[in-house]
Amino acid sequence: MNKRISDKDKKDWESFIKSSEKLPNKDLKNQKKKFFKVRSIDLHGYSLDEANKIIEDLIYNAYLKSVNKLIVVTGKGLHSDNEKDPYISKDLGILKYSVPEFILNNRNLMSMINEIKEAEIEDGGAGAFYIFLKKNKSIK
């Protein structure tokens with residue numbers, strides 16, 4: 001193999017360096033962008049039973065309509081009346097804990113869900129969570 005660089009290659013390289021031409025970034029071009037169909041709901045003010053029924057209906061309807069991502073705002077439980085009653089569990093009575101627990105214990109709902117995780121700060125942070133739904137294979 002010839003280790004010497006030709007004069008023509010040197011000139012081509014120097015002209016490329018001096019030019020403002022940019023090479024396309026193949027890595028950026030090949031990245032798949034994820035587009036989410038997003039729905040959100042705010043459960044502030046709902047009782048636990050109401051919130052569970054609403055979230056169940058939301059997940060079923062979103063799955064049927066091929067929505068990928070749900071943003072569920074429950075609040076942090078800072079203003080919950082449960083704090084005043086010593087006979088009610090502080091953790092399980094608050095929507096923040098109870099709604100995800102309801103979903104995780106429901107096999108039908110979990111069969112439609114890929115992942116549940118805490119929301120980013122711009123979507124509610126610790127007072128909200130995401131539900132990422134599976135693709136509905138019955139819809140083409």
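Exposure proxy check: Asp12, Asp123 ranked by fewest other beta carbons within 10 Å?
The most exposed by this proxy come first: Asp12, Asp123.
What does the C-alpha gyration tensor say about the overall shape of region 99-140? Classify as rounded when a/c is under 1.5, otherwise prolate if a/b is larger than b/c, or oblate.
Oblate, since a/c reaches 1.5 and b/c is not below a/b.
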Report task. Convert each backbone phi in region 68-76 into a coupling constant with the Karplus relation 6.51 cos²θ - 1.76 cosθ + 1.60 (shift: θ = phi - 60°), then list the ³J(HN,Hα) values in order as whole Hz, x for Gly and Pro. Result -> 8, 9, 10, 10, 10, 9, 10, x, 8
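Values in this text are rule-based calculations from the coordinates and carry no lab data. Keep in mind the model is a prediction, meaning the values are calculated, not measured. Backbone-built Cβ (ideal geometry, glycine too); neighbour counts: all protein chains shown.
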